[in-house]
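K.L.:
One structure, as structure tokens, below. Some questions next.
The values are calculated or read from the model by the stated rules, or taken from the named source; none is laboratory data. Since we're looking at a predicted model, the values are computed, not measured. Cβ placement follows ideal geometry from the backbone for every residue including glycine, while neighbour counts extend to all protein chains displayed. Note: areas computed on protein heavy atoms with side chains; ligands, DNA, RNA excluded. Shrake-Rupley method; radii C 1.70, N 1.55, O 1.52, S 1.80 Å.
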Amino acid sequence: MARGLLIVFEGCDRSGKTTQSTRLVQTLNDAGVKAKLMKFPDRTTAIGTMIDGYLQQKTQLSDQAIHLLFSANRWEAMDQMRADLESGTTLVVDRYAFSGAAFSTAKRLDLTWCKAPDVGLAMPDRVFFLDIHPDDAAKRAGFGEEIYERREMQIEVRAKFFSMMDKTWSIVDALKDADEIHRQILALTNRALERHRADPAPIGRLWT
Ligand code: DGP
């Protein structure tokens, strides 16, 4: 049996990642594809609770300490993720290590230092980048509630994301109608699934 695909959604805050990743899993499941939704940070774990406190500005942590907690939050899920992928489940992940590098380098931490703790994570097969300008994101409900939801920070983060893109990424205009975005992402996902079924590859590259 072919392994599942690792599909990641990235983007600035309020770009619609949660809506679109949820819809993608629903549609895949309805079509009989085994798919599971995941989200980072996973705020339900002990580490995730610490991250949540920081994001909601209830606790303070150094930029380095919070960076390592975000990475640890991904690592604590990795064994299960590998098991799911090996058993043929496609994982749809709302944010991943690209967010770690983008947000922390936007805060002027060194890129090599930022990437180091994530080295060895499974690399995604496809990344969907929901692109929204922070001026448009700022008009969406809830913007500004958490620590990073400031215009200047989001502009920096967006530029960092663009500097990380490779051929596995697709840029999706997050201002388009939600149904249209879903159709576009579903078409790209189905193409990736078909290619993978025809020529199954083992779990992809590791994060370097
Ligand atoms: P979300 O639950 O997707 O809205 O993410 C919460 C916030 O945390 C959001 O502003 C993006 C930020 N974030 C996500 N992952 C990381 C990470 O690995 N490192 C840093 N510094 N920030 C992250």
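K.L.:
Looking at the structure I just gave you, is Thr18 open to solvent by 10 Å² or more (accessible area, probe 1.4 Å), at pLDDT 95 or above, closer than 14 Å to Arg95 by Cα and not in a loop (DSSP other than H, G, I, E, B)?
P.N.:
For Thr18, the condition - open to solvent by 10 Å² or more (accessible area, probe 1.4 Å), at pLDDT 95 or above, closer than 14 Å to Arg95 by Cα and not in a loop (DSSP other than H, G, I, E, B) - is met.
K.L.:
Would you check if there is a residue in segment 141-154 being surrounded by 13 or more Cβ atoms within 10 Å (Cβ to Cβ) and closer than 21 Å to Gly4 by Cα?
P.N.:
No.
K.L.:
Does Thr112 count as part of a helix (DSSP H, G or I) and either basic (Lys, Arg) or near the ligand (Cβ under 10 Å from one of its atoms) (or both)?
P.N.:
Judged against the criteria, Thr112 is not a match.
K.L.:
Right, another one. Which of the residues that make up segment 24-47 are touching a residue at least 12 places away in the same chain (Cβ under 8 Å), more than 10 Å from the ligand (Cβ to nearest atom) and open to solvent by less than 80 Å² (accessible area, probe 1.4 Å)?
P.N.:
The answer is Leu24, Val25, Thr27, Leu28, Val33, Ala35, Lys36, Leu37, Met38, Thr45, Ile47.
K.L.:
Right, something else. Within segment 166-208, take every residue that is closer than 11 Å to Asp125 by Cβ and small (Gly, Ala, Ser) and give me the one that is most open to solvent (accessible area, probe 1.4 Å).
P.N.:
Ala201
K.L.:
Every residue in segment 78-108 that is crowded, with 20+ Cβ neighbours inside 10 Å and either more than 10 Å from the ligand (Cβ to nearest atom) or outside any helix (DSSP H, G or I) (or both), please.
P.N.:
Selection gives Met81, Asp84, Leu85, Thr90, Leu91, Val92, Val93, Asp94, Arg95, Tyr96.
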